[in-house]
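Since the structure comes first, as structure tokens, the remarks are kept for the end.
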Amino acid sequence: ALIVAVIVALGVVVFMQVRELEKAKETVALAETVTAKTSQLKRAVDQQESAVLAYMLTPKPVHLERIESHKAGFRDGIAEMRALTAHISGAGDRVDVLVKAVTAYQDTVIDPEVRLAGNPETRHEALALTESNIPTQMMDPVDTAFEGIVQAQATRKAAAVEDQSEAFKTTKIALAVGVLSALVLSILFGLGLAKMIATPIAAMTAAMRR
């Protein structure tokens, strides 16, 4: 019964650690997915400015379509980001900060550049806006917001990796202790059984010699 109890206890410990390993694995995978999605969102923002610059050089509708396409890509990516991180504490706030910063950047830089570049008489104003410090000033909060999301995921990933390491250690220790305990109990049980068998045989042999 004692050996069975040891085996059951060992099974419970291993099962719990396997669950921790699976949980940590999922956290790592999600962190990597969110980080990749963040990079896609960053490209969508950067490509808006690239399309605006192209529009300034050659004011063709195709460039306006690309700008709107990149804006839509950003909006869709944000929706996906919210769905991915809905259960993570603080993640929604970080996404809100990013959306606010990008919206301000679009309202202050992208949209005015497009409007000014679309009129030959004000195209020089669009170029002046591009060459001013305003784009950089408005992009800094965007970059900070992106970095905040990436750093938060890096922290979660590092913690999950540490949890994986601890779970592996606990599982190895539990297995070692369980195997050793079972071995010791088996030896003790064997010795006790041998004594139980040997005692009556010895008594019987002694009685026969009399």
Could you give the distance between the Cα centres of segment 124-153 and segment 16-92, to the whole Å? 16
Lysines with Cα under 27 Å of K42, excluding same-chain neighbours fewer than 8 positions away: K25, K60, K71, K100, K157
State the three equivalent ellipsoid semi-axes of segment 1-156, derived from the C-alpha gyration tensor as the square roots of 5 times its eigenvalues, in descending order and whole Å. 49, 14, 10
How far apart, in nanometres, would the label points at D140 and R19 be if each is projected 7 angstrom from Cα along the Cα-to-Cβ direction? 4.9
Got a sec? Which residues in segment 23-46 would a label at I173 touch, if it sits 7 Å along Cα→Cβ and we count backbone N under 20 Å? 23-24
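Could you compute the FRET efficiency for E32 and T58, with r as their C-beta to C-beta distance and R0 at 41 Å, rounded to 0.05? Working shown, then result.
Working: r = 39 Å, r/R0 = 0.95.
In this case the efficiency is close to 0.55.
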Taking a label point 7 Å from the Cα of S132 along the Cα→Cβ vector, which residues of segment 45-63 have an amide N closer than 12 Å to it? none
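Readers should treat all values here as calculations from the given coordinates under stated rules, not as data from a laboratory. None of these values were measured; they are calculated from a predicted model. In this analysis, Cβ positions are derived from the backbone assuming ideal geometry, glycine residues included, and neighbour counts consider all displayed protein chains.
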